[in-house]
1. If R₀ is 22 angstrom, what is the calculated FRET efficiency for the pair residue 65 and residue 35, using the beta carbon separation as r and rounding to 0.05?
2. List the longest stretch of the chain that has no exposed loop site; here a site is one of the trypsin sites (Lys or Arg not before Pro) assigned by DSSP to anything other than H, G, I, E or B, with at most 16 other Cβ within 10 Å.
3. So who's got an amide H within less than 5 Å of the one on residue 57, skipping anything under 5 residues away but keeping other chains? H placed 1.01 Å off N, in plane.
4. Tell me, what is the percent relative contact order of the chain, built from C-alpha pairs under 8 Å that lie six or more residues apart?
5. Length gain on complete extension for the stretch residue 7 to residue 52, per 0.36 nm per residue less the alpha carbon to alpha carbon distance?
6. Need the list of aspartates and glutamates near residue 15 for cross-linking: C-alpha distance under 19 angstrom, and skip anything on the same chain fewer than eight residues off.
7. Give me the net charge for the shell around residue 39: Cβ to Cβ below 12 angstrom, other residues only, Lys and Arg +1, Asp and Glu -1.
8. Ignoring ligands, DNA and RNA, please state the percent of accessible area on the chain from carbon and sulfur, probe 1.4 Å.
Amino acid sequence: KRAQATLPLIEKLLKKAKLTTFDIDEINVETGPGSFTGLRVGISIANALSFSGLIKVNSKEFGEIETPRY
């Protein structure tokens, strides 16, 4: 259940800052090395936000996914 709380947490933080996902023009996310689960979760969220809002991740082209380095 805690894993499902991540996106609502992001929404709550954006709301607190009086922002929406439409205010985000780029996401920078660490790709590794690091925690296997942490990298996968962080990169998955960044990619999902990228696909839903046309937000670039780590300066990649739109629709190009970021992948973790283990």
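The values are calculated or read from the model by the stated rules, or taken from the named source; none is laboratory data. For clarity, every value in this text was computed on a predicted model and none was experimentally measured. When we count neighbours, we look across all protein chains shown, and the Cβ atoms used for this are built from the backbone with ideal geometry, even at glycine. Just the protein is used for accessible areas: all its heavy atoms, side chains included, with ligands, DNA and RNA removed. Shrake-Rupley method; radii C 1.70, N 1.55, O 1.52, S 1.80 Å.
1. The pair residue 65/residue 35 has a calculated efficiency of 0.70.
2. Here the longest segment lacking exposed loop sites spans 19-59.
3. 27
4. 31 percent
5. Full-extension gain reported as 14.9 nm.
6. Leaving aside aspartates and glutamates fewer than 8 places away in the same chain, those within reach of residue 15 are 23, 25, 26.
7. For residues surrounding residue 39, the net value is 0.
8. Roughly 58 percent, rounded to a whole number.
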